[in-house]
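One structure below.
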């Protein structure tokens with residue numbers, strides 16, 4: 001839902017989000033609607049009149065002649081999918097309700113996630129599976145299945161194309177540089193006085209339910225700033241790497257305003273972090289070494305990981321950083337908080 005905010009779109013916000021949610025895969029919505037309609041109406045249209053009760057002598061009984069074997073009832077599944085849509089339409093996807101309620105709850109940045117509640121893709125898959133299973137002959141089922149797969153692959157562009165897919169080569173399914181960088185940072189950090197002091201203080205705290213214990217436990221892990229391209233992968237891969245930026249702060253710095261939140265010079269928390277990134281990439285020629293050091297000390301940042309060809313190494317070294325290595329195309333700097 002990038003670029004769609006409640007403030008900008010107003011009452012059309014829900015419709016704009018729905019179109020963005022479906023994208024070029026809008027035929028799923030059509031399949032979903034047709035499937036629900038067919039599942040509700042067909043059982044009534046094709047319902048047969050009950051035959052009169054016939055008394056048969058047990059001696060004349062032939063297996064399979066008198067058994068009633070109706071097809072599966074799909075109306076229950078149809079109403080299950082439809083009830084979710086009705087509920088969403090009356091609550092979180094009601095354009096009049098969200099216009100008043102959502103801003104008061106402070107949810108304008110995460111509201112669009114409610115659209116994942118919609119069972120459109122799951123419903124479409126259910127109806128397509130039902131269509132294949134409705135055919136009695138296995139040959140016809142195989143042919144229909146192949147046609148459906150071909151239609152999904154070529155008529156609904158769900159991916160950028162096989163040629164453009166980047167498949168990770170490690171078992172963690174992340175950028176190959178992420179595990180290497182995290183391991184290098186942990187190895188270096190465990191040799192520092194900051195880590196040893198954190199371990200010592202943690203051993204002195206016995207109450208593991210206290211906030212003090214949690215705080216000291218966190219200081220055993222390095223606080224880092226990563227390049228935007230791999231920062232979110234690091235967040236998923238290694239929870240023992242502390243990240244200076246939260247999602248909204250980093251997106252705004254990179255020029256993405258889809259969260260609906262903006263920051264300026266009055267936001268000191270953001271400005272300190274901005275100074276660090278400006279120093280890393282040399283984006284602000286007026287930034288002084290003193291301002292950078294102040295930002296690093298206030299945020300207690302310990303490591304900066306910069307793309308090798310973008311690193312403003314001279315400035316960082318003069319400002320108190322130590323280059324500890326170049327790994328997987330990234331330069332790792334450690335900042336001494338004792339300066």
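If each residue's Cβ is checked for other Cβ atoms within 10 Å, how do 297, 196 rank with the fewest at the top?
Neighbour counts put them in this order, fewest first: 196, 297.
Calculate, for residue 281 and residue 213, the FRET efficiency according to 1/(1 + (r/R0)^6) with r their C-beta to C-beta distance and R0 25 Å; round to the nearest 0.05.
0.10
Please report 224, 17 as a ranked list, fewest other C-beta atoms within 10 angstrom at the top and most at the bottom.
The most exposed by this proxy come first: 17, 224.
From the mean inverse distance of alpha carbon pairs (Kirkwood) and the Cα radius of gyration, derive Rg over Rh for the range 239-339.
Answer for the range 239-339: 0.95.
In which sequence would 319, 203, 25 go, from the one with the fewest C-beta neighbours within 10 Å to the one with the most?
203, 25, 319
Can you give the three extents of the C-alpha atoms in the range 207-265 along their principal axes, from longest to shortest, in whole Å?
That gives 43, 24, 17 Å along the principal axes, largest extent first.
If you average the sequence gap of Cα pairs under 8 Å that are 6 or more apart and divide by the length of the range 177-335, what percent do you get for the contact order?
This gives 21 percent for the range 177-335.
Once the Cα gyration tensor of the range 234-292 is diagonalised, what are the square roots of 5 times its eigenvalues, in whole Å and ordered largest first, as equivalent ellipsoid semi-axes?
21, 16, 10
Taking 0.36 nm per residue of sequence separation and subtracting the Cα-Cα distance, how much length would be gained by fully extending the chain between residue 199 and residue 300, in nm to one decimal?
34.6 nm
Once both labels are modelled 7 Å past Cα along the beta-carbon direction, what's the residue 41-residue 136 spacing in nm?
Roughly 2.6 nm, to one decimal.
Considering only DSSP beta bridges whose two residues both sit in the range 177-335, what percent are antiparallel, to the nearest 5?
Of those bridges, close to 75 percent are antiparallel.
Every read-out reported here was derived from the displayed coordinates using simple, explicitly stated rules and does not represent laboratory data. What you see is a predicted model, and the numbers here were worked out from it, not measured in a lab. Every residue, glycine as well, gets a Cβ built from its backbone with ideal geometry; the counts of neighbours run over all protein chains shown.
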